[in-house]
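The structure appears below as structure tokens.
The values are calculated or read from the model by the stated rules, or taken from the named source; none is laboratory data. In this text the structure is predicted, and so the values were computed from the model without any measurement. With ideal geometry, Cβ positions are generated from the backbone for all residues, glycine too; neighbour counts draw on all protein chains shown.
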Amino acid sequence: MKTSSQPSALLASAGRLIERARRWNAALAGRPSLSLALVFVVAFLLAFLGAVGAGFPEPTVHDESSYLLAAETFASGRMANPPHPMAEYLQTFHVLQRPSYASKYPPAQGLWLALGIKLAGTPIVGVWLSFAFMCAAIYWMLRVWVGPRWALAGALAFTARLASTYWTYQYWGGAVPALGGALVLGGARRVIESARTRDAILMALGAAMLANSRPYEGLLLCVPIGAVVIWRVFQRTDGGVRRRIRTVVLPALAVTAVVAALMLRYNHAVTGKATRFPYLAYLEEYGRGPDFLWQKPRAAPLSSDALMRRYQEWELATADSLRSPGGFMSRNAGRMKDTFGFFLQVSLLAPFFALPIVLRQPWVRLACVSLAFVLVGLMLSSWYQLHYAAPAAGLFVVLYVTCLAWCRRLRLGRFDAGKYFVAVILSVWIVSQLAKLAVPIVRVLATGATPEWSRWARRRADLERRLQSAGGKDLVIVRYGPRHDVHHEWVRNAADIDRSAVVWAHDLGLAKNARLLEYFRERKAWLLEVNDADGGERIQEYDPAIIDLGDVTNVPGPRR
């Protein structure tokens with residue numbers, strides 16, 4: 001009797017805890033503003049902790065440097081910077097040098113980073129803010145897709161899942177297009193059901209955010225969702241059509257017109273032509289590998305710059321690996337596995353057994369079709385990173401939470417199995433994700449460890465800080481060795497190059513460097529030799545004789 005009573009007592013205790021959690025959740029479900037604020041605050045704090053756990057890594061990926069250039073430009077009140085006279089020495093990946101000095105990327109991510117600079121003096125705050133707004137938008141979206149009582153749990157679980165990812169401590173995006181996608185999904189569902197102007201405006205703003213962050217993937221999401229919205233707006237034969245045109249169509253078109261005008265203005269500032277996008281202008285100059293499966297490699301000659309030429313060769317090889325049937329299947333299988341594993345916890349996918357059942361709901365079918373539309377489109381892209389799927393982030397959450405909500409109905413005779421099943425899933429999810437967040441924080445605080453993939457960037461940042469602390473202004477001429485990793489670019493500069501304490505430039509040989517040295521004649525010149533595979537960097541004061549004097553630790557003390 002004692003043995004059999006223990007499980008009953010445990011179940012009874014668990015049942016009381018579950019019931020208490022249910023009452024709290026029900027109370028919050030009736031207070032959407034408070035729940036929204038709660039999700040925002042929790043997401044911001046977890047994003048900060050995610051960055052702590054990663055050791056606040058320096059910008060490492062080429063794309064990050066480009067986005068940070070955009071952020072600094074916007075924070076300075078400019079859309080683009082004038083071309084620099086020494087652009088030949090200063091060129092770097094994903095950055096236009098002509099007709100302006102600017103990022104090639106759409107401006108949304110840079111604007112959020114600029115917000116961080118303006119509010120707190122550092123762009124990482126913009127990353128955390130975009131993450132917090134994304135999670136709040138996910139909650140707002142879930143309220144209409146899965147109901148108020150499931151929205152808070154789904155949003156918090158999603159927040160915990162992504163808090164330890166690079167979306168909280170690197171600068172090349174993820175949260176911004178996911179925020180746009182959530183606004184589109186939440187706004188579209190509300191527009192169809194209630195036709196309120198506010199929701200139409202939010203839906204249009206979400207689409208605008210997608211167009212200015214991940215335009216291709218955002219379009220893939222908006223096509224099926226937009227088709228359903230248009231069909232439902234115009235399917236009515238009574239006077240409701242006129243009201244919906246007035247309250248939905250006209251406000252959405254007004255937002256679209258304003259955003260389109262701003263985009264044309266931005267294009268003109270960066271490329272000199274309103275209809276010429278910076279990304280395409282960069283491709284015309286530097287791009288060689290085709291962006292999509294149906295395109296051919298660009299026929300223009302490879303760059304004369306050795307590092308850029310090696311990168312272009314890598315682009316061509318990467319794109320070519322997708323063109324064979326075996327390569328297409330292998331690479332895309334890996335992409336889909338990584339994508340599902342990124343947004344959802346693979347060990348807790350059991351609720352998806354209910355997917356065939358919940359597919360009877362029209363809205364679930366729309367979510368599945370929209371997600372499939374995005375994922376198939378991604379398979380046709382030569383390049384892929386996990387944030388490419390960010391516009392569809394909300395769809396992963398909708399499908400998972402919908403299946404979980406159905407599982408709540410499960411019963412084994414008189415035993416309410418669904419209640420315990422859902423409680424176990426959510427508890428294990430939240431606890432495991434918080435542990436995943438906490439472990440690296442403890443390691444960083446105990447040992448000061450930093451991610452191996454960012455250590456070269458940390459060395460670059462340390463060198464720059466040493467030079468800045470010495471006083472005066474410096475010019476660092478970078479010479480790459482034959483074994484240098486093409487993805488480790490040391491040459492990147494601030495928006496206002498001539499006012500920077502340290503300017504980084506490529507070594508183009510003694511004869512050509514004379515012009516560079518003449519232009520920056522008031523700066524102390526250094527030669528930095530980088531050859532990753534040989535285990536470090538060597539710096540010396542620039543002299544035509546080029547005598548090696550030591551490594552980066554030999555930067556002199558303050559100059560008077």
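Quick notes on this structure:
- When THR339, THR318 are checked against the criterion of being assigned to a helix (DSSP H, G or I) and touching a helix residue (DSSP H, G or I) at 6+ places or on another chain (Cβ under 7 Å), THR339 stands alone in meeting it.
- Subset of the range 360-402 that is surrounded by 24 or more Cβ atoms within 10 Å (Cβ to Cβ) and not hydrophobic (A, V, I, L, M, F, W, C) - its residue that is nearest to the chain's Cα centre (by Cα): HIS387
- The residues on offer are ALA75, ALA70, ALA54, and the sole one that is buried (at least 22 other Cβ atoms within 10 Å of the Cβ) and either β-branched (Val, Ile, Thr) or in contact (Cβ under 8 Å) with a residue 12 or more places away in the chain (or both) is ALA70.
- Under the condition of being in contact with a Lys or Arg (Cβ under 9 Å, 6 or more places away or on another chain) and over 20 Å from LEU210 (Cβ atoms), the residues counted in the range 244-281 number 6.
- From the options ALA182, ALA257, ALA261, ALA227, residue that is small (Gly, Ala, Ser), in the same structural domain as VAL364 (by TED's automatic domain parsing), modelled with pLDDT of 95 or more and under 26 Å from PRO351 (Cα atoms): ALA182
- Verdict on TRP490 being assigned to a strand (DSSP E or B), closer than 24 Å to GLU58 by Cα and aromatic (Phe, Trp, Tyr): no
- Residue in the range 268-285 that is in contact (Cβ under 8 Å) with a residue 40 or more places away in the chain, outside the structural domain of LYS512 (by TED's automatic domain parsing) and over 26 Å from the mean Cα position of the chain (by Cα) present: yes
- Yes/no for SER130 being in contact (Cβ under 8 Å) with a residue 24 or more places away in the chain and either more than 21 Å from ALA70 (Cα to Cα) or of a type in the set (Gly, Ala, Ser) (or both): yes
- Restricted to the range 318-353, and to residues there that are in contact (Cβ under 8 Å) with a residue 24 or more places away in the chain and β-branched (Val, Ile, Thr), the residue that is surrounded by the fewest Cβ atoms within 10 Å (Cβ to Cβ) is THR318.
- Lone unmet requirement of (1) touching a helix residue (DSSP H, G or I) at 6+ places or on another chain (Cβ under 9 Å); (2) modelled with pLDDT of 95 or more for SER65: (1)
- Listed here are the helices (runs of 4 or more DSSP H) enclosed by the range 15-109 that have at least 2 residues being in contact with a Leu (Cβ under 9 Å, 6 or more places away or on another chain) and within 30 Å of GLY448 (Cβ to Cβ): 32-53, 62-75.
- Flag for GLY218 being buried (at least 24 other Cβ atoms within 10 Å of the Cβ) and in contact (Cβ under 8 Å) with a residue 40 or more places away in the chain: yes
- Residue match in the range 236-253 (condition: surrounded by 17 or more Cβ atoms within 10 Å (Cβ to Cβ) and modelled with pLDDT of 95 or more): yes
- ARG310 vs. criteria out of contact with any Asp or Glu (no Cβ under 8 Å at 6 or more places or on another chain), closer than 30 Å to PHE396 by Cα and of a type outside the set (S, T, N, Q): no
- Scanning the range 185-198 for residues that are in contact (Cβ under 8 Å) with a residue 24 or more places away in the chain, not in a loop (DSSP other than H, G, I, E, B) and not β-branched (Val, Ile, Thr) gives LEU185, GLY186, ALA188, ARG189, ARG190, GLU193.
- Residues (small (Gly, Ala, Ser), closer than 26 Å to LEU380 by Cβ and part of a loop (DSSP other than H, G, I, E, B)) located in the range 253-291: GLY287, GLY289
- Cβ-Cβ under 6 Å pairs, at least 6 apart or on other chains, the range 162-184 side on the phi < 0 side of the Ramachandran plot, far side buried (at least 24 other Cβ atoms within 10 Å of the Cβ) and polar (S, T, N, Q): ALA175/SER130; VAL176/GLN109; VAL176/SER130; VAL176/SER213; PRO177/SER213
- Filtering the range 409-433 to residues that are in contact with a helix residue (DSSP H, G or I) (Cβ under 7 Å, 6 or more places away or on another chain), closer than 30 Å to LEU49 by Cα and of a type in the set (A, V, I, L, M) leaves VAL422, ALA423, ILE425, LEU426, VAL428, ILE430.
- Sole exception among (1) exposed (fewer than 14 other Cβ atoms within 10 Å of the Cβ); (2) in contact (Cβ under 8 Å) with a residue 12 or more places away in the chain; (3) outside the structural domain of LEU162 (by TED's automatic domain parsing) for ALA501, by number: (1)
- Among the candidates ILE441, ILE497, the residue that is β-branched (Val, Ile, Thr) and under 22 Å from the mean Cα position of the chain (by Cα) is uniquely ILE441.
- The single residue among ARG499, ARG559, ARG483, ARG523 that is of a type in the set (Lys, Arg), modelled with pLDDT of 90 or more and out of contact with any Leu (no Cβ under 6 Å at 6 or more places or on another chain) turns out to be ARG499.
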